[in-house]
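K.L.:
Got a structure for you, questions after.
Just so it is clear, none of the values below were taken in a lab; they were calculated from the coordinates. A quick note: this is a predicted structure, and the numbers were derived from the prediction, not measured. Please note: Cβ atoms are built from the backbone with ideal geometry, for glycine as well, and neighbour counts cover all protein chains shown.
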Amino acid sequence: MWSSYLGEVFACLIRDGAVNNAETVGFVLASFGRKHQRSLQMALKVSWGGNMEFAGRLRRKTFLLVWAGCLTCVFAAVSAEPQSSSDPVVREAIQTGVRLEQSRQWRDAIEHYKDAVKDWPENEHLQYGLRRAKFHFGIDRRYSDLSFKDELLSLSTAEAFALFDSVLDQVRDHYVDPITTTWYVAHGTESLWLSLANERFIEQNAFGADQQKVQQMRDELRDNYWNKRLRSRTEAHSMIREVADRAEQLVGLRSTTVILEYAFGGCNGLDDYSNFLTPDRYRDLNNNIDGEFVGIGIVMEADEGHGMSLVDVLPNSPAFENGLRAGEHIVAVDGHDCREMTTDEAAGLLTGLSGSFVKLEIQDMRTPEVRTVVCPRRAVKVDSIPIAEIIDDEQKIGYIRMTGFQKSSPDEMDAAMNRLAQQGMKSLIWDLRGNPGGLLSAAVHVCDRFITEGRIVSTRGRNADQNLSYSANRIGTWDIPVTLIIDGHSASASEIVAGAIRDHHRGKIVGRQSFGKWSVQTIYPSTWQTGLRLTTAKFYSPNGDNWTKIGIKPDIEVTLSEDAPEHRGSTDLDVEGDPDIQAALGVLRTPQYSRR
């Protein structure tokens, strides 16, 4: 404790510029007796490098040590020694991120660093903190994924290399930017280096390994393999085999574990929306595209210490029929307490065959009471339009909420519009808040219902087959006033719609600035039931704009109060209490639209 505390204090002096050279560091270390030098060095590495240190954590009645070191050389856009900041606000942002990492709150760390990078985009401490948190989040997620542990970790060395080759080939052939073998393998090395300082990875693969041997392996990765130049796949195989042999000798890692880290780590170095998908994740993605899956019909996320927060409960689902509602928490699944579980771990417990049952313990965080619910699992159909109704009977203003863009979305939109038209609809509020996107083709077809002619969206990629333009067809167009609602969670396909509505002057947009995801992902099947989601192109609005990391600003911005609900169920509708809907109604009630 003493050395860790002193290391943190000393590291603060380094960041503040009071100590800024290797000679001073060496002098201070030399001032301590031998018994404290090594522990102080390790503490400095944690505090200065911003990585996690788990020392003396009691696990399975055994002390499990997880080691971290400062990164002396990083790839591409990140320099070896990020410059310190003299701005105390920036220093506090860095320290907050480090504290989140040290407590393994990877998702919160990612969100914190993303916000901080928006404010200080040139700060390399924040940039690498974000990168590091993303890698650790990916590692934790893999090792809580049953299909990864059961189906992929059981592969032979030859099978693991075949999987690695398949992924590398697809990335090199299809990714939006050129990727070299050297680049891809370098990120695999970085992923393995970080994995050896990740508690979940150590528990799974090297529990009880000697601390000094693990640190030696990390040092050798940094000194001998960091960004090593590779001219061919053969050289890549040779290097990875060498690393795997050394990792087995020092730490006891299986070769398949190492090879998979290179396969997944290479993809982790790509953009935020490209992923190597485990078998379960690949199946889930296809189910989302099709709009149907077997389960109880909930959308949830881990709320550390409280369980699984219900973000949404799908209508006509087993969960909805048994009284579960958005905002409640699942605290146990079949007797397994899930208050400290990751989302993936809890999802694994909820998975089962159609016709089976799962016992849930449910708590509303406003009360201490816990109730037990038994839900059947069955096929659940996910509608992308959960609400379509007239919300102003006098002026016949219709309202459609769309939560995603899937295969069924165009047909759902036709059915909803026809139903509202039969009720006398004269204008429409189209709500895309919280809509993360989906299929580009679905967005184009749905948007075509409201735009008479001209371009809807275009895409441009590295390969010619990604350079496409999509235009409207006059047939079947609805000629009624439209107001669109968006927010910071409206992304991708939602932004295609918003861009087309704005550029064609088809209607007003209200709400808040959209997310800013203006890229196209293509899904590629790979071996052993895995898949790849790769960014293959960027998309552009009818006027040729790409609003990546910026998003579309609404014509009428609505500011929400601090007590506005964080989660809104897909079927929850409060017209009078929803400021966005009220703003949209205000637009459509003006004489310009109401007298049509």
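K.L.:
With N residues in segment 257-332, what two-decimal value do you get for its Cα radius of gyration over 2.2 N^0.38 Å?
P.N.:
In units of the 2.2 N^0.38 Å rule of thumb, it is 1.41.
K.L.:
Let me ask you something else. At Asp169 and Asp87, where each label point lies 7 Å from the Cα along Cα→Cβ, what is the point-to-point distance in nanometres?
P.N.:
Going from the Asp169 label point to the Asp87 one covers 4.8 nm.
K.L.:
Project the alpha carbons of segment 292-381 onto their principal axes and report the range along each, largest first, in whole Å.
P.N.:
Largest first, segment 292-381 extends 31, 22, 19 Å along its Cα principal axes.
K.L.:
If you don't mind, there's one more thing I want to ask. For Ser492, list long-range residues whose amide hydrogen, built 1.01 Å from N in the peptide plane, is under 5 Å from its own amide hydrogen.
P.N.:
Gly516, Lys517
K.L.:
How much length would be gained if the chain were fully extended between Val370 and Asn286, taking 0.36 nm per residue of separation minus their Cα-Cα distance, in nm to one decimal? Please list the in-between numbers first.
P.N.:
Numbers: separation 84, 0.36 × 84 = 30.24 nm, distance 3.46 nm.
Going from the current span to full extension adds 26.8 nm.
K.L.:
Right, here's the next one. Determine ³J(HN,Hα), in whole Hz, for all residues of segment 383-388 in sequence, where each value follows from phi through the Karplus function 6.51 cos²θ - 1.76 cosθ + 1.60 and θ = phi - 60°; x replaces Gly and Pro.
P.N.:
7, 7, 10, x, 9, 8
K.L.:
A follow-up question, please. Among 429-442, 576-589, how do they line up by average Cβ neighbours within 10 Å per residue, starting with the highest? Please report the intermediate quantities before stating the final value.
P.N.:
On the way: 429-442: 22.5, 576-589: 18.3.
Descending packing order for the listed peptides: 429-442, 576-589.
K.L.:
Non-local amide H neighbours of Phe405 (under 5 Å, H modeled in plane, Pro and chain starts lacking H): which ones?
P.N.:
Gly437, Gly438, Leu439
K.L.:
Here's something else I'd like to know. Which of the peptides 346-355, 532-541, 460-469 is most tightly packed, and how do the rest follow, going by the mean number of other Cβ atoms within 10 Å of each residue? Walk me through the intermediate numbers first.
P.N.:
Values: 346-355: 16.0, 532-541: 21.4, 460-469: 13.5.
Packing proxy ranking, top to bottom: 532-541, 346-355, 460-469.
K.L.:
Excluding Ser541 itself, calculate the net charge of residues whose Cβ lies under 12 Å from the Cβ of Ser541, where each Lys or Arg counts +1 and each Asp or Glu counts -1.
P.N.:
Numbers: positive: Arg455, Arg502, Lys538; negative: Glu495, Asp503, Asp545.
Computed value for this residue: 0.
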